[in-house]
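Peer 1: Can you keep this structure in mind? I'll have questions shortly.
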Amino acid sequence: MNTQTFSLTLGAPVPDWQARPHPAGVVLTGNACRLEPVDPARHSDAWFEAYSEAPGGRDWLYMLVGPFPDAQAYRAYSERMARETDPLHFAVVDLGTGLPLGTLALMRQQPQHSVIEVGFVTFSPVLQRSRIATEAHFLLMSYVFDQLNYRRFEWKCDSLNQRSSNAAERLGFQYEGTFRQAMVYKGRNRDTAWFSILDKEWRLVKAAFQQWLAPDNFDATGQQIRRLQ
């Protein structure tokens with residue numbers, strides 16, 4: 001068929017296109033933390049103790065899972081996490097203490113389109129709003145863009161979860177819109193807010209992370225001098 005007979009606009013060509021690899025259970029090490037595959041025997045009890053510091057299961061409110069009534073129930077969940085490959089879960093380990101303080105995952109993997117999503121971000125109270133939390137996201141982004149060479153990295157959350165939306169924008173994700181009535185979970189409606197970072201944006205986002213994570217960006221008490229956002 002002669003496509004020149006149609007006055008239609010097409011998307012930009014992607015020369016020599018090839019599908020990207022699936023993510024693997026690698027170890028990613030930074031200055032303050034390490035991402036590693038989930039190991040229930042080493043991680044589960046420490047996670048449950050760390051998560052228990054949040055009153056009333058508040059941090060599980062917008063999650064698809066949890067809260068968990070006891071360590072045994074959480075251990076069963078962590079064993080399921082360890083078996084999954086999509087989502088592919090990583091433990092966030094504090095290099096200073098050696099303690100696992102949270103998890104995050106690479107999910108909805110579409111290597112044929114070079115699209116992947118970060119999800120199941122479950123950070124304990126001690127990890128939230130910390131230098132380690134920011135570095136954990138940076139390590140995962142660097143893996144996605146610099147090693148796997150993906151074109152698009154997504155973040156999605158309940159549109160009512162303002163903390164998650166704020167975190168996405170602080171980390172460099174661009175808001176794209178809200179999918180109405182996208183999901184039912186825990187017996188309630190979810191409108192889903194979509195955010196993304198594209199490969200062509202990664203250079204600037206990466207530079208901002210590197211400047212923020214530099215030692216000279218923190219004072220003697222460990223507080224940031226320049227904001228990431």
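The values are calculated or read from the model by the stated rules, or taken from the named source; none is laboratory data. Small disclaimer: the values here were computed from a predicted structure and weren't measured. Reconstructed Cβ throughout: ideal geometry from the backbone, glycine too, with neighbour counts over all protein chains shown.
Peer 1: Test ARG20 against the criterion of being assigned to a helix (DSSP H, G or I) and under 20 Å from the mean Cα position of the chain (by Cα), and give yes or no.
Peer 2: Spelling it out, it is not the case that ARG20 is assigned to a helix (DSSP H, G or I) and under 20 Å from the mean Cα position of the chain (by Cα).
Peer 1: Taking SER142 as the residue in question, decide whether it is under 25 Å from PHE218 (Cα atoms) and at pLDDT below 95.
Peer 2: Here the answer is no, as SER142 does not meet what is asked.
Peer 1: Sticking with this structure for a sec: Between THR192, THR122, THR103, THR178, which is part of a strand (DSSP E or B), polar (S, T, N, Q) and in contact with a Gly (Cβ under 6 Å, 6 or more places away or on another chain)?
Peer 2: THR122
Peer 1: Would you mind stating whether PRO37 is surrounded by fewer than 16 Cβ atoms within 10 Å (Cβ to Cβ), under 30 Å from VAL184 (Cα atoms) and within 16 Å of the chain's Cα centre (by Cα)?
Peer 2: For PRO37, the condition - surrounded by fewer than 16 Cβ atoms within 10 Å (Cβ to Cβ), under 30 Å from VAL184 (Cα atoms) and within 16 Å of the chain's Cα centre (by Cα) - is met.
Peer 1: Continuing with this model, one more query. Within the stretch 94-130, restricting attention to residues that are at pLDDT below 95 and farther than 13 Å from TRP47 by Cα, which residue is surrounded by the most Cβ atoms within 10 Å (Cβ to Cβ)?
Peer 2: For the stretch 94-130, the residue satisfying everything is SER130.
Peer 1: Within the stretch 42-73, restricting attention to residues that are modelled with pLDDT of 95 or more and among the hydroxyl-bearing types (Ser, Thr, Tyr), which residue is surrounded by the fewest Cβ atoms within 10 Å (Cβ to Cβ)?
Peer 2: TYR62
Peer 1: Same structure again: Can you work out which of the residues in the stretch 8-51 that are aromatic (Phe, Trp, Tyr) and touching a residue at least 40 places away in the same chain (Cβ under 8 Å) is nearest to THR103 (Cα to Cα)?
Peer 2: Step by step, filter the stretch 8-51, then rank; the result is TRP47.
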